[in-house]
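Enquirer: Mind having a look at this structure? Questions to follow.
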Amino acid sequence: MKLFSRQLIIKEFKDLVRDPRIWIPFILSAVLMPAMGLVVYAPMISAVEKATVEKLYVAVINMDEGDIAGKLIDFQNNISVKSKIVIYQTNISNVYLNDTKKLKEITEYILSKYPSVENIVIFPRDFSKKINNRQKVRIFTITVVREITFIGSTVKTQRIFDAINNFIREYVLNGTGIKPDVIVKPLIEEEANYIVGKKTVLLGSSMTVLTSLSLASFLIPIILMIISVTIMQMTATSMAVENEEKTLETLLTLPLTRTQILLSKLMGSFTVAAIGSFMSIIGFGLYMFIIMQPVFSPRVQIGNQVSFSFQTMISPLDMIYVVASLIATTFFTAAIGIVIGALSSDTRIASTMVGPLSMLVFVPGMMVAFVKLSTFGSFLPLLYILPLTQPIVFIKQAISSSLPPETLLYILASIIVTIIIIVITAKIFSLETLSNLQHRLSRFRRK
Amino acid sequence: MKAVEINNLTKNFGATIALRGITFSVDVGDIYGLIGPNGAGKTTTFRIIAGLIPPTSGSIKVFGLNPLIDTEKIKNIISYLPEDAGTYRNITGYEFLKLVSEIYFSNKEEAEEALEIGIRIANIGNRIYDKMKTYSKGMKRRIQVARVLMVRPKLAILDEPTSGLDVIHAREVRRVINDVSREFGTTILLSSHNMLEVQDICQKVALIHQGRILVEGLITDLLEEYSASNLEELFVSLVRGVAR
């Protein structure tokens, strides 16, 4: 007996291939995926270029009792390249590296004198002595963090370490004929980060601290993606099923306006979808918790230990705003689902459209997650209002400083945007529109 | 005032012409039948009267109101039963009739009264508390008929009201339509493929074919004028005449 029927396979193939609705998600995905890549790539590459090419402003606290740190500073000052490290020498002579309160005071003092400073480098008293004894030498930096981004401050801090490492290698091997590359790493790098907006010092490598903080703004679009797919799917199907099951005509003759019908559908299906999404988020949270366990386990220590938690970074009020914004945004995605469903002749086409369109929800959020907010200039208020960017902007802002007083207005504006979309859809949503769309689709299918 | 006044109504869907200038009127309290084969233009006419789609040209008045302009007012006096009206799978018949009554009547007592009428018209016993996905085609249709008539509209538009019903239930629905029309003075505009059914409950009819009304008037007058023994015979002879 045959395992399958060749005729049935051919029938299945023809049936699917001849349905243009099947091709829509593939075509949209083929176009959207590279677009998403570009959206993420462009700001990332620009941030990397800026961080590596631009001048870097560094304040130096030189406590070295020898002369090597001084030579290093002179050497850097004499370099005349575009990407040079500009050094401001301070007159501070004593720093307690383990006292975050003192570190904060010193940072704020330096920033008041040199506002453009991006890093503070502290040369210890035994800097020259250790180098001369061919021992590893400690170096301490404070990264001044004005905005939380994946790339930027971290790359700049690394530039400083590289410059010092290279200088020490060349200094130690001078006259020996040995290439500097043979010394792997003469520095013991110790770091702190000063978060300007929060006026807080966080001990730990800038890479770990900033990546962890950036992860929050990166996670928001991912969470949004998970929620929006579920919600859009549910609302789109709920609306399209009215058309498919022939209940739409009845609905449209009830003594209700089309806006009332769409908004009621939106609220009802959103409530169910929100409950479902809440469960998804819990699942996602547990998944993240489980997979992150090996990384944050006490047995494993990557770089310097990081001394912060998100609870201490975001105020309770800001957290409420972020959650409210997330709800407003999911409400928006539910509305998009309603729009898709209202204009779909059946649930199949609605489901087909939701997949690629939910990716679109991801794009603006990702862009904002990777780019410095200051880059957007006068368009920034727009990002605060647009439902797809608002929660990401909020979380970035909440972590690096605090949300502005008009935040509640931004959330209201985001909800108004959603309602406007529903009202516009109600204007175009009618049996006539659906008949015309279906008529065109059937003509296209006949071709 | 007429319940429905239609004058030279046309409707095009792209290159397809659905209605080619139809004219007829329905008196208040009448049960009026619009009969014709599939694709004749019955459903399009009903949809235009219900304000669901706009006509391409021509005029239409429902109790003096224009469905295109007075859409919201019209919705309060019209109740429409589409030919292939579906039901919500996971809602019970009772819940469905209750929500409709509450949408039409903000007054609780009025809504409850409408619901009672609806349950009586549906007449499906305790099955009314079951989810509608478990209903037979006939039960679903009776729920829909109940939904339309229970709100005591001034005009009920019933597109094939007995579609899918067996003989016994179809007869029962016809009786209900008659009763509601008499009891509440509701004007009924209905369509049917079943000519004998139309002859049974309608006073006046319009025979529509290929978007044109062939004849219109009192059934008794039409049968006499065309020497036909029933509507079916009249319809067949008229349609064949057009075909020739």
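Enquirer: Which order do the peptides A:176-187, A:83-94, B:17-28 take when ranked by the mean count of other beta-carbon atoms within 10 Å per residue, highest first?
Expert: Highest to lowest by the protection proxy: B:17-28, A:83-94, A:176-187.
Enquirer: Can you work out ³J(HN,Hα) from phi for every residue in the stretch A:134-147, in order, using Karplus 6.51 cos²θ - 1.76 cosθ + 1.60 and θ = phi - 60°, giving whole Hz and x for Gly and Pro?
Expert: In residue order, the calculated couplings are 6, 10, 5, 10, 7, 9, 10, 10, 10, 8, 8, 9, 8, 8 Hz.
Enquirer: Just counting partner chain Cβ atoms within 10 Å, what average do the residues of peptide B:74-81 show around their Cβ?
Expert: Partner-chain Cβ atoms within 10 Å, mean over residues of B:74-81: 3.
Enquirer: Taking the Cβ-Cβ separation of residue B:109 and residue A:432 as r and a Förster radius of 41 Å, what is the calculated FRET efficiency to the nearest 0.05?
Expert: Working from the Cβ atoms, E equals 0.60.
Enquirer: For residue A:181 paired with residue B:99, estimate the spin-label separation in nm (one decimal), with each label point 7 Å from Cα along the Cα-to-Cβ line.
Expert: 7.3 nm
Enquirer: Which percent of the accessible area of chain B is formed by carbon and sulfur heavy atoms (probe 1.4 angstrom)?
Expert: Summing carbon and sulfur atoms, their accessible area is 47 percent of the total for chain B.
Enquirer: Would you rank B:139, A:234 by solvent-accessible area, highest first, keeping every protein chain in place and using a 1.4 Å probe? Please report the intermediate quantities before stating the final value.
Expert: Values: B:139 25, A:234 75 Å².
Ranked from most to least accessible, the order is A:234, B:139.
Enquirer: Round to the nearest 0.05 the FRET efficiency obtained for residue A:102 and residue A:382 when R0 = 30 Å and r is the Cβ-Cβ distance.
Expert: Values: r = 42 Å, r/R0 = 1.39.
Plugging the Cβ-Cβ distance into 1/(1 + (r/R0)^6) gives 0.10.
Enquirer: Separate question: GNM on chain B, C-alpha springs below 10 Å: top fluctuator among B:165, B:190, B:218?
Expert: In this elastic network of chain B, the residue with the biggest mean-square fluctuation among B:165, B:190, B:218 is B:218.
Enquirer: Under the rule of -39500 (n - 2.57) per DSSP H run of 4 or more residues, summed and divided by the residues of the protein assembly as shown, what mean residue ellipticity at 222 nm is obtained, to the nearest 500 deg cm²/dmol? Could the numbers behind the result be given before it?
Expert: Numbers: 25 runs with 392 residues, N = 691.
Only helices count here, giving -18500 deg cm²/dmol.
Enquirer: Angle between the Cα long axis of helix B:167-184 and the longest principal axis of chain B, 0 to 90 degrees, nearest 10?
Expert: Between helix and principal axis, roughly 90 degrees.
Enquirer: Shielding of B:82-91 by partners, i.e. mean partner chain Cβ atoms within 10 Å per residue?
Expert: Partner Cβ neighbours, averaged per residue: 4.
Enquirer: Please identify every one of the trypsin sites (Lys or Arg not before Pro) in the stretch A:168-229 that sits in a loop by DSSP and has no more than 12 other beta carbons within 10 Å of its own beta carbon.
Expert: Numbers: sites: A:169, A:198, A:199; in loops: A:199.
Loop-located and lightly packed - A:199.
Enquirer: Something else: Listed highest first by mean packing, meaning other Cβ atoms within 10 Å per residue, what order do B:195-202, A:204-211 come in?
Expert: Values: B:195-202: 19.2, A:204-211: 21.5.
Per-residue Cβ counts within 10 Å, averaged per peptide and sorted highest first, yield A:204-211, B:195-202.
Enquirer: OK, next. Between helix B:108-122 and chain B, what is the angle of the helix's C-alpha long axis to the longest principal axis, kept within 0 to 90° and rounded to the nearest 10?
Expert: On a 0 to 90 degree scale, this one is about 60.
Enquirer: Continuing with this model, one more query. So how do B:80-91, A:386-397 stack up, highest first, on mean other-Cβ count within 10 Å?
Expert: A:386-397, B:80-91
Enquirer: By accessible area of protein heavy atoms, probe 1.4 Å, what ranking do A:99, B:159, A:15 get, highest first?
Expert: A:15, A:99, B:159
Enquirer: Can you tell me the 0 to 90 degree angle between the C-alpha axis of helix A:316-342 and the longest principal axis of chain A, rounded to 10?
Expert: Once rounded, one gets 30 degrees.
Enquirer: Right, next: Any idea how far the Cα center of the stretch B:168-223 sits from the one of the stretch A:169-213, in Å?
Expert: About 91 Å separates the Cα centre of the stretch B:168-223 from the one of the stretch A:169-213.
Enquirer: Send over the per residue convex hull volume for the stretch A:48-203, Cα only, as a whole number of Å³. The partial results should precede the final answer.
Expert: On the way: hull volume 18.4 nm³, N = 156.
Value for the stretch A:48-203: 118 Å³ per residue.
Enquirer: Just to be sure I follow the definition: excluding the sites themselves, where is the longest run in chain A that has none of the GluC sites (Glu not before Pro) in a DSSP loop with at most 15 other Cβ atoms within 10 Å? Let's see the in-between values first.
Expert: On the way: sites that count: A:54, A:65, A:406.
The segment A:66-405 is the longest one with no such site.
Enquirer: Suppose every K and R has +1 on its Cβ and every D and E has -1 on its Cβ; what is the size of the dipole of chain A about the Cα centre, in Debye to the nearest 20?
Expert: With only Lys, Arg, Asp and Glu charged at Cβ, the dipole is about 1020 debye.
Enquirer: Mind checking which of A:136, A:14, A:50 has the largest fluctuation in a GNM of chain A, springs on alpha carbons under 10 Å?
Expert: A:14
Enquirer: Per 0.36 nm of contour for each residue apart, how much would the distance between residue A:226 and residue A:33 grow if the chain were fully extended, relative to their Cα-Cα spacing?
Expert: Values: separation 193, 0.36 × 193 = 69.48 nm, distance 1.68 nm.
The residue A:226-residue A:33 span can extend by a further 67.8 nm.
Enquirer: What does the average come to when, for each residue of peptide B:8-19, you count the partner chain Cβ atoms lying within 10 Å of its Cβ?
Expert: So the per-residue partner count for this stretch is 1.
Enquirer: Can you list the residues of the stretch B:96-132 that have at least 50 square angstrom less accessible area with all protein chains present than in their chain by itself, probe 1.4 Å?
Expert: Residues of the stretch B:96-132 that lose at least 50 Å² of accessible area once the other chains are added: B:103.
Enquirer: Right, next: Need the C-alpha centroid separation for the stretch A:11-53 versus the stretch A:56-75, integer Å.
Expert: Here the two parts' Cα centres lie 49 Å apart.
Enquirer: Relative contact order of the stretch A:349-418: what whole-number percent is it, with Cα pairs under 8 angstrom and at least 6 residues apart?
Expert: 29 percent
The values are calculated or read from the model by the stated rules, or taken from the named source; none is laboratory data. No experiment lies behind these values; they were computed from the predicted model shown. Glycine also receives a Cβ, built like all others from the backbone with ideal geometry; neighbour counts cover every protein chain displayed. Only protein heavy atoms, including side chains, enter the accessible area calculation; ligands, DNA and RNA are left aside. Shrake-Rupley method; radii C 1.70, N 1.55, O 1.52, S 1.80 Å.
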